[in-house]
Amino acid sequence: MFNPDNLVRNNIRNLKPYSSARDEFKGEAKIFLDANENSLGSPLLKWYNRYPDPMQWKIKDKLSVIKQVPVDQIFLGNGSDEPIDLLFRCFCQPGVDEVIVFPPTYGMYEVSANINNVHLSKVPLTREFQLDLEALESAIKPNTKIIWICSPNNPSGNSIHREDVEMVLNNFDGLVVVDEAYINFSRQKSLVSDLADYPNLVVLQTLSKAWGLAGLRVGMAFASPAIVAYLNKVKPPYNISEPVQELALKALDEIGQVNDMILQLVASRKQMEEELARSSSVVRIFPSDANFLLVEFTDAKGMYNYLVNKGIVVRDRSNVLLCENCLRITVGTDAENLQLLDAINSFQNR
């Protein structure tokens, strides 16, 4: 039976976390004289003189209803990058343990591994951007602590076969982190609903993509209560500011509008794919379950530089494994998409 207590670093298991004033207080109160705040307030924003809720309970209560997950299985971070870093810090001994990623994939897994001095093993995806389970089995070592899976994958845009993810969950004794930043644009069902079946599963999501709140930096990790407790133990006491918490709460009331935006973006993605397919500069468009397309061009570098000169910035992925001559293009507004397509068409006629 998987037990995160057996996986966590000894110093983290024995760590006494910082206890903030708001952590120690329970109940209702009218006067707060415990946290050395400026009781007179700020000259500009008087209502932000108090520290925010360190555990973001109101947001978690709303997410619990939306995601059908108990609040003690929800961790909120400064974007998804914070729980990514904290998972390394909690479960990987620097200079000893290692993790596995599947390139091409989200670059912060490797960055966080390097910051935390954790060896990173790379098991490339197949040409179809799917897991190579045989190669993965050979790569797992006794000190492999975490396997990172991005689905839908960035930069390829496709979802990883669910049965393959379940195979990894059923046969690996460490943590399996599934990064679902783009899940709202996908036809595939989120793994959040399967947390009870897989105690070694951590699911990452974000308010940056489908919810349109990249500027707020709110990431979510869903996992067992024991794993979430370790993340809370290590995180900074006030990792999400009061204005961000307030705006996130308001956004979570707008599920209907968010769903409408998702439908619009998916429709725009399909239309963009159809238009790009007509261009003689385009070699291939990879299937996408995200709000972007990975597109192979006859001359990706030339196209990228041409678009930049037109004031249009896309992501050059041509130097990334399995993405040779490819650009990653985010679905924009109708007007932005039209300008992009016009520029691509003018490139071939320049």
Residue of Gly256, Gly107, Gly212 that the Gaussian network model of the chain assigns the largest fluctuation, springs spanning Cα pairs under 10 Å: Gly256
Two-decimal Rg/Rh across segment 256-348, once Rg and the Kirkwood Rh are taken from alpha-carbon atoms: 0.97
For Ile115, net neighbour charge (Lys/Arg +1, Asp/Glu -1) across residues whose Cβ lies under 13 Å away: -3
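Can you sort Val234, Val218, Val111, Val118 so the residue with the fewest Cβ neighbours within 10 Å comes first?
In increasing order of surrounding Cβ atoms, one gets Val111, Val234, Val118, Val218.
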Label-to-label distance, nm, for residues given as Asn305 and Asp61 (7 Å Cα→Cβ offset): 5.8
Bridge type composition, the chain - antiparallel percent by DSSP, nearest 5: 55
Angle in degrees between helix 255-276 and the longest Cα principal axis of the chain, rounded to the nearest 10: 20
Prolate/oblate/rounded call for the chain, Cα gyration tensor, a/c under 1.5 rounded: oblate
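Set the Förster radius R0 to 51 Å, insert the Cβ-Cβ distance between Gln348 and Asp72 as r into 1/(1 + (r/R0)^6), and round the FRET efficiency to 0.05.
The pair Gln348/Asp72 has a calculated efficiency of 0.35.
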Segment 82-124: chymotrypsin sites (Phe, Trp or Tyr not before Pro) in DSSP coil with no more than 15 other Cβ atoms inside 10 Å: none
Acute angle (nearest 10 degrees) that the helix 57-67 long axis makes with the longest principal axis of the chain, alpha-carbon atoms: 50
Point-to-point label distance, Lys189-Thr126, nm (Cα→Cβ direction, 7 Å offset): 2.3
Residue among Glu82, Glu134, Glu296 with the largest mean-square fluctuation in a Gaussian network model of the chain, springs linking Cα atoms under 10 Å: Glu134
Cleavage-rule hits, GluC sites (Glu not before Pro), segment 233-285, DSSP coil, Cβ neighbours within 10 Å at most 15: Glu254
Estimated FRET transfer efficiency (Ala139, Lys250; beta-carbon r; R0 41 Å; 0.05): 0.40
Within segment 28-86, trypsin sites (Lys or Arg not before Pro) in DSSP loop having at most 15 other beta-carbon neighbours inside 10 Å: Lys30, Arg50
C-alpha long axis of helix 81-91 to longest principal axis of the chain, angle in °: 60
For Val308, net neighbour charge (Lys/Arg +1, Asp/Glu -1) across residues whose Cβ lies under 12 Å away: +2
Cut-off 16 Å (backbone N to label point 7 Å along Cα→Cβ of Asp260), residues of segment 209-245: 211-212
Helix-derived mean residue ellipticity, 222 nm - over the chain, DSSP H n ≥ 4, -39500 (n - 2.57), to 500: -10500 deg cm²/dmol
Alpha-carbon centroids, segment 107-137 and segment 308-344: separation in whole Å: 25
D_trans [Stokes-Einstein, Kirkwood Rh over alpha-carbon pairs] for segment 1-154, 10 °C, 1.306 mPa s, µm² s⁻¹: 84
Candidates Asn14, Asn153, Asn337: whichever shows maximal mean-square fluctuation once the chain is modelled as a Gaussian network with Cα springs under 10 Å: Asn14
Residues Arg350, Arg269 arranged by fewest to most Cβ contacts within 10 Å: Arg350, Arg269
Leu293, Leu125 arranged by Cβ crowding within 10 Å, fewest neighbours leading: Leu125, Leu293
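FYI, it's all coordinate maths here, none of it is from the lab. Quick caveat, the model's predicted, so the values are computed rather than measured. So basically every Cβ, Gly included, is an ideal-geometry build from the backbone, and we count neighbours across all protein chains shown.
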